[in-house]
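To start, the structure under review is shown below, and the notes come after it.
The values are calculated or read from the model by the stated rules, or taken from the named source; none is laboratory data. Just so you know, these numbers come straight off a predicted model, no measurement behind them. Glycine gets a Cβ as well: all are built from the backbone with ideal geometry, and neighbour counts include every protein chain shown. With ligands, DNA and RNA removed, areas are computed over all heavy atoms of the protein, side chains included. Shrake-Rupley method; radii C 1.70, N 1.55, O 1.52, S 1.80 Å.
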Amino acid sequence: MTDGYTPGVAVNDHASPPRMHLVRQQFDASEVPEFDRRLAAEARSVLTAQGVGPGSRIAIAVGSRGVSPVARVVRIVSEAVRSLEAEPFIVPAMGSHGGGAADGQAEVLAGYGISEAALGVPVQATMDTVELGATVDGVRVHLDAAAAAADGIAVIGRIKPHTSFRGPVESGLCKMLAIGLGNRRGAETIHAHDLATTIPAAARVALAAAPVCMGVGLVENAFDRPHRLAVVGPEAFESTDRALLEVARGVLPRLPLDRLDLLIVDRMGKNVSGTGMDPNVIGMWRRFPELPHEPDYRWLAVLGLTEQSHGNAVGIGMADLTSRKLTDDIDPVPTYANVLTSMAVGMAKVPLTLPNDRECVATGLSLAKRSSVEPLRVARIASTMELETFWLSEAAVPDLPESCEVVADSASFKFGKDGSIVESGVYAH
């Protein structure tokens, strides 16, 4: 494709955006009261019960997701460790993320404000692992070598529905043990098997063989704030994952529409979802085409990549259209490492790429117009994690539930001189 290609000429006036309305939906905004105080008290209590004391070296395992508020959580847990005269240090627990390299993983953590300079706690990043044993099905279980050498391991994890399978245990403390702390080698091994059964089985092996002393499980609300907190000993990892997964399902933000002709996503990224865009929002069928089209969003255009992704564009393969602005930001090293580990290489396939955001939106509108005989049903969102407010075309407004209200309207999308879509302030209400 050349810079001179202008699909807007081909679609001419059919690409004109429909009248759009800014919609606000109501979500459960409840948060954990006195979060800092409660986390500090419960962490100290669990660590004490696990025998953490003077001279103990405690590895604090932190993943690649922007668990809210992750830097505060790490700081509070570190202070709880030090209050017992023990020595905390931080280990990345992110499988193959960060390009599957120690430096890359330390860089991901630093992007969240987690570094020795910021927190006064050393970071020990390594890709080395020790083998802990095998599950009953023969799956070998690996553990980060630095964590394995510690006197105790404290795991911090976000509990939520997974983006590629369904089961009683999905993303959470067990996954952090089985995949996150397995580094690239362990993550590759686990991903070669059925995740729904292998994650909890591998976690049981790790809990039996490794010095795990505490888990901090967090459920976030639709505003990326801590909705539920569980600080538990190792014996409660699996039961906590099971119980809080049901809570997480209830507060997971989604669009309140079953059918759209076109969905436009301003930004995708690893800090948004493990798959860049959450299939629980855009439709699991976009990752697994054999599944029913629920919700049925006919065309999907994604325009940009978050800075916190560090070039990792895993998940772009679920889109139909994208902008060169996004593809120019792709770093193949972390992207390929991620999809090769998960064996989901299609998630890195780059869709039809347009010269800029304006042409990408125009092309999406043209395709939507040509595939529908009814007025266009179009939505625009900031990301699959930011769904309190979104733009919706007039034709779809009557289908909104009572939990939604129209708060503003606009005649069209706005673009800068370079064709980039205007993002600043457009979702404010």
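The table that follows gives values for the structure above.
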{"item": "DSSP bridge orientation in the chain - percent antiparallel, rounded to nearest 5", "result": "45"}
{"item": "Cross-link partners of LYS414 among aspartates and glutamates (Cα-Cα below 19 Å; sequence separation of 8 or more within a chain)", "result": "ASP13, ASP266, ASP357, GLU359, GLU394, GLU423"}
{"item": "Distant-in-sequence amide H partners of THR129 (H built 1.01 Å from N, under 5 Å)", "result": "ALA145"}
{"item": "Antiparallel bridges, percent of DSSP beta bridges restricted to the range 117-233 (to nearest 5)", "result": "65"}
{"item": "Share of Cα-Cα pairs in the chain lying beyond 34 Å, as whole percent", "result": "32"}
{"item": "Accessible area per residue in Å² at 1.4 Å probe, computed on the chain", "result": "39"}
{"item": "Cut-off 20 Å (backbone N to label point 7 Å along Cα→Cβ of ASP409), residues of the range 361-400", "result": "374-381, 389-400"}
{"item": "Gyration tensor verdict on the range 57-152 (Cα atoms; rounded if a/c is under 1.5, prolate if a/b is larger than b/c, oblate otherwise)", "result": "oblate"}
{"item": "Residues GLU388 and THR197, FRET efficiency given R0 of 30 Å [Cβ-Cβ distance, rounded to 0.05]", "result": "0.25"}
{"item": "Rounded FRET efficiency, nearest 0.05, which uses the C-beta distance separating ALA49 from GLN308 and R0 of 45 Å", "result": "0.80"}
{"item": "Distance between modelled label sites at ASP399 and VAL247, nm, 7 Å Cα→Cβ extension", "result": "3.4"}
{"item": "Inter-part distance where the range 41-63 and the range 299-374 are each reduced to a Cα centre, Å", "result": "42"}
{"item": "Qualifying trypsin sites (Lys or Arg not before Pro) in the range 363-429, DSSP loop, other Cβ atoms within 10 Å at most 14", "result": "LYS414, LYS417"}
{"item": "The range 105-161, accessible surface, carbon-and-sulfur percent (1.4 angstrom probe)", "result": "46"}
{"item": "Relative contact order for the range 125-270, counting Cα pairs under 8 Å that sit 6 or more residues apart, in percent", "result": "25"}
{"item": "C-alpha long axis of helix 332-342 to longest principal axis of the chain, angle in °", "result": "70"}
